[in-house]
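Here's the structure, in structure tokens; my notes come after.
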Amino acid sequence: MKKILIATDKPFSKVAVQAIQGVIKEAGYECVLLEKYTSPAEFHKAASDVDAIIIRSDVVDKDVFKVAKNLKIVVRAGAGYDNVDLATATEKGVVVMNTPGQNSNAVAELVFGMLVYLNRGGFDGSTGSELRNKKIGIHAYGYVGRIVALIAKGFGMKVYAHDPFVDRVLIENDGIKFEETAADLFSKCQYISLHIPLSKTTREAINYELMSSMPEGATIVNTARKEVIHEPSLIKMFEQRPDFRYATDIEPDCKEQLAKYKGRYFATSKKMGAQTAEANMNAGVAAAKQIINFLDKGDTTFQVNK
Ligand code: 3PG
């Protein structure tokens, strides 16, 4: 019987795990569960005899592919797949997929949770500020960016977006102002919400030039990846601009240096964007179904290493 491993350092909710297990069992496959593992070795051991793996931000590197001799497919239950070594997967003939859109709403809602938290001084009794009538720039208009834009409209914000891969008409049809370049977006908007995936071109792309061009009250919220920010520039911004604020769902490597900017800096200690009951269920069950469709019918929809 083929084996499907759920390997999650940060587990799905119990109900979601039961649903995923149900889908796998129903299809006639065996489900193996590995949660909160304490070392890569533990993950490697569990992966050694399975045909498929469901992961979240769990790292699937060369070592995993080396030990997992039966592996045919890895599905990242979520959007970003920068944690999977795609080149090795392709070399070994392993299909890699993500589950686009399944956790987007959860991430988008957290953007506003963090923005309101920052704007209200961490709820410390001090006088805060409102989002209404302020300009927000959505940096990348994918599944999450689009929901952030629509929620921002509900807050009464003026919404702008930049995405070189999305047709301007699609953005404008949503009632969002299209910006040709990232530089235009940053220089116009007090608030910037980052939704760019991590790639060679986006690594450290949010640099001093972009950040320092932001207007008074400059606030960046990052629910994308920590690596898209150039951290020395981030530190410089905090030092030079007392109005600058940064909220992130992924602690930066320079977190100790930013700790002194309480009130202007906020980071979740665990990545919380996709951690809702709904997102766990949507992404986890979608991952299981994608694996079954692939193993049973060869369906490669959502493959990212073609
Ligand atoms: C994603 O890429 O889908 C998000 O970053 C969520 O990551 P997580 O599943 O590890 O919470």
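The values are calculated or read from the model by the stated rules, or taken from the named source; none is laboratory data. Here the structure is a predicted model, which means the values were calculated and not measured. So basically every Cβ, Gly included, is an ideal-geometry build from the backbone, and we count neighbours across all protein chains shown. In case anyone asks, the SASA skips ligands and DNA or RNA and just uses the protein heavy atoms, side chains included. Shrake-Rupley method; radii C 1.70, N 1.55, O 1.52, S 1.80 Å.
Below is a table of values for the structure above.
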item: Condition met for ASN119 (crowded, with 18+ Cβ neighbours inside 10 Å and either within 13 Å of the ligand (Cβ to nearest atom) or among the basic types (Lys, Arg) (or both)); result: no
item: Top-ranked residue of segment 287-300 - restricted to ones that are open to solvent by less than 70 Å² (accessible area, probe 1.4 Å) and touching a residue at least 60 places away in the same chain (Cβ under 8 Å), ranked as farthest from ASN119 (Cα to Cα); result: LEU295
item: Sole residue being within 16 Å of the ligand (Cβ to nearest atom), open to solvent by less than 30 Å² (accessible area, probe 1.4 Å), small (Gly, Ala, Ser) and within 23 Å of LEU295 (Cα to Cα), chosen from GLY78, GLY145; result: GLY78
item: Options SER212, SER199: the member that is surrounded by 16 or more Cβ atoms within 10 Å (Cβ to Cβ), among the polar types (S, T, N, Q), out of contact with any strand residue (DSSP E or B) (no Cβ under 8 Å at 6 or more places or on another chain) and at negative phi; result: SER212
item: Cross-chain or 6+ apart pairs with Cβ under 6 Å, segment 1-23 first and within 13 Å of the ligand (Cβ to nearest atom), then part of a strand (DSSP E or B); result: ILE6/LEU33; ILE6/ILE54; ALA7/LEU34; ALA7/ILE53; ALA7/ILE55; THR8/GLU35; PRO11/GLU35
item: Scope segment 43-60; condition open to solvent by 70 Å² or more (accessible area, probe 1.4 Å) and either charged (D, E, K, R) or not assigned by TED's automatic domain parsing to the domain that holds ASN280 (or both); matching residues; result: LYS45
item: Identity of the residue in segment 81-108, part of a helix (DSSP H, G or I) and buried (at least 21 other Cβ atoms within 10 Å of the Cβ), that ends up farthest from the ligand (Cβ to nearest atom); result: ALA89
item: Failed item in (1) surrounded by fewer than 23 Cβ atoms within 10 Å (Cβ to Cβ); (2) assigned to a strand (DSSP E or B); (3) within 14 Å of the ligand (Cβ to nearest atom), with CYS31 passing the rest; result: (3)
item: Check on ASP243, more than 16 Å from the ligand (Cβ to nearest atom), outside any helix (DSSP H, G or I), over 22 Å from LEU115 (Cβ atoms) and of a type outside the set (Gly, Ala, Ser); result: no
item: Answer residue from segment 246-261, given it is of a type outside the set (A, V, I, L, M, F, W, C) and outside any loop (DSSP other than H, G, I, E, B) and is farthest from the ligand (Cβ to nearest atom) among those; result: LYS260
item: Subset of segment 262-286 (residues that are within 11 Å of the ligand (Cβ to nearest atom) and open to solvent by less than 50 Å² (accessible area, probe 1.4 Å)); result: THR268, GLY273, ALA274, THR276, ALA279, ASN280, ALA283, GLY284
